[in-house]
Each structure stands twice: as structure tokens, then as C-alpha cells.
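Chemist: First the structure, then my questions, so here it is.
The values are calculated or read from the model by the stated rules, or taken from the named source; none is laboratory data. All values reported here derive from a predicted model rather than from experimental measurement. Heads up, the Cβs are rebuilt from the backbone with ideal geometry, glycines too, and the neighbour counts pull from every protein chain shown.
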Amino acid sequence: MRGYRKGFLTDAEYFQLRGANSLSDVRLNLQDTDYAGFLDDEVELTTSAFQEKATLKFATEFKYMRSQANEPLATFLDYITYEYMINNIILILETMLKDPDSKAEEVTAKCHPLGQMSPRTMKLIASFKNSKRMIDELVQNVLVNTPVGKYFEQYLSSLTEKAALKGGKEVQGILNEKNYMIIEHHVMRLYLEDFYKFVQSLGGETAEVMGNILKVRADQRAINIVSNSLVCCVKILVFFF
């Protein structure tokens, strides 16, 4: 970890990058850093290529640290990847339901490398169709077998309990409305609560520092929800008045 930290770009190196006139100059200025060679296979440089390759470099180094880690660091690093897994699952469901003709390979290619699951699992999620049978199969046979499946199961189980009082349409209805932000917010809340309990169980500086970071993340999401709700209310008032 100390070795990777030494690879962080310095203020002087960032200053050089700011003075670059083209993407080729940016690549040239990176030759004396840990990013040397990470774009060698890119013939046509684009900003998206820079982002993709930099993200892949980060994910590769992260996975290497995870493979060398002992407990409890191994579990701690796993928790970090869970957020990316949740985002990937939401992305796949949203894309496939909006455009059922999308190819599974193209959709999964857009997923963050830190949130990648097994190819079979990714394909099963991407093959999801919006029907009651497929929803049950997605939850019971696919999502529950992923590390983050328990969060989706907890949330959808709460909907199932409500569905028993509303004719059994609650789970399917929320997906028909394509209200993915609601699903994401509820699942992310369960994840952040679980992560917080884990770091508190470790105690010491980890509990103090990471606990505060997770509190900030939770507050940020809560503020975003309130802000988006206020914006919607204002739009409704403007529409009617």
C-alpha cells in the first residue's frame, strides 16, 4: 500500500498536466509517473479512453491488494466493492428494461470493473424480463447468490410483505414504474448501515475514521433525496400555478 501511495501524482506533476495542449502531451507528461504505458495500446486518444484506462488501472491494483490481504482487511476491501456491485446491478436492470433489445455484452461492458461479478451472474441479470415469474427468479436465484444480494432481498422482502396487503403487485409495480432511484437509495442505505456496523466492530482508528466517512456518505445521500424531492415539489407548484 505504501508503494501504491508513492505512485500518487504530485502537485508538480499536476501542474505540468494543466499546461498540456493536447491529450498526446498529457500522455507524454505521464511517462515519468506510475501511469507510464497505461495508454500504449490506444491509437486514438480520447478523454473516455483516459478515464477507462485509469479506472481499469485502479481496479487492477485494488484487486491485487485484495488478493494479498488477510482478515479483517480482506472483508473491509470487499465492502468497498459492494457499492460498485449495487450500481452495476441497477445499471443493468435499468438499461435492459428501457431497451430490451440491448445486447448483454454491451451492457455489462459499461459496468465498473470493481463491481464485476461472475460472467454467468452478469448475463443472468442482463437477461431479466419484467414479469412476475422473472422477478421472483431474479431475486431468489440470481441476486441472493451475489455478495450484495442480501440487501436487495431485504428491501424486496419488505415490499412483498406490503404486497400481501395490496393484491401482490407491489414488487412488480415498482419495476414497471422504472423508479430505480428508490431501489438504489433503499439498497444503498442497507449497505451503508451494514458497512458501518462492521467497521464499528473493528474498533480503534478504523471505527473512528471510516465510521465518520460512512456517516458523511449517508448524510450526502439523505441530502440529495431531500433536494430532489424539493425540486419535484417546486416543478409541480409551477405547473399548477
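Chemist: Within segment 107-165, restricting attention to residues that are at pLDDT below 80, among the basic types (Lys, Arg) and assigned to a helix (DSSP H, G or I), which residue is surrounded by the fewest Cβ atoms within 10 Å (Cβ to Cβ)?
Modeler: Among those that are at pLDDT below 80, among the basic types (Lys, Arg) and assigned to a helix (DSSP H, G or I), it is 133.
Chemist: Given the options 203, 168, name the one that is at pLDDT 65 or above, over 19 Å from residue 83 (Cβ atoms) and assigned by TED's automatic domain parsing to the domain that holds residue 88.
Modeler: Details: 168 fails: at pLDDT 65 or above.
After applying the criteria, what remains is 203.
Chemist: Going by the conditions given, is residue 62 within 28 Å of residue 118 (Cα to Cα), in a helix (DSSP H, G or I) and touching a residue at least 12 places away in the same chain (Cβ under 8 Å)? Working first, answer last.
Modeler: Working: within 28 Å of residue 118 (Cα to Cα): yes; in a helix (DSSP H, G or I): yes; touching a residue at least 12 places away in the same chain (Cβ under 8 Å): yes.
Considered against the rule, which asks whether it is within 28 Å of residue 118 (Cα to Cα), in a helix (DSSP H, G or I) and touching a residue at least 12 places away in the same chain (Cβ under 8 Å), residue 62 comes out as yes.
Chemist: I'd like the full set of residues that are among the hydroxyl-bearing types (Ser, Thr, Tyr), in a loop (DSSP other than H, G, I, E, B) and exposed (fewer than 10 other Cβ atoms within 10 Å of the Cβ), limited to segment 20-53.
Modeler: Passing the criteria: only 22.
Chemist: Considering every residue within segment 16-29, establish whether at least one is within 27 Å of the chain's Cα centre (by Cα) and either at pLDDT 85 or above or over 21 Å from residue 84 (Cβ atoms) (or both).
Modeler: In the first step, residues of segment 16-29 are kept if they are within 27 Å of the chain's Cα centre (by Cα); the result is none.
Looking through segment 16-29, none of the residues is within 27 Å of the chain's Cα centre (by Cα) and either at pLDDT 85 or above or over 21 Å from residue 84 (Cβ atoms) (or both).
Chemist: Next up: Restricting to segment 34-57, name every residue that is modelled with pLDDT of 85 or more and among the β-branched types (Val, Ile, Thr).
Modeler: Scanning segment 34-57 gives a single hit, 55.
Chemist: Also, quick follow-up: Restricted to segment 1-15, and to residues that are within 27 Å of the chain's Cα centre (by Cα) and part of a loop (DSSP other than H, G, I, E, B), which residue is nearest to residue 63 (Cα to Cα)?
Modeler: 1
Chemist: Another question, then. Looking at (1) assigned to a helix (DSSP H, G or I); (2) surrounded by 15 or more Cβ atoms within 10 Å (Cβ to Cβ); (3) of a type in the set (A, V, I, L, M, F, W, C), find the lone condition where residue 80 falls short.
Modeler: Condition not satisfied by residue 80: (2).
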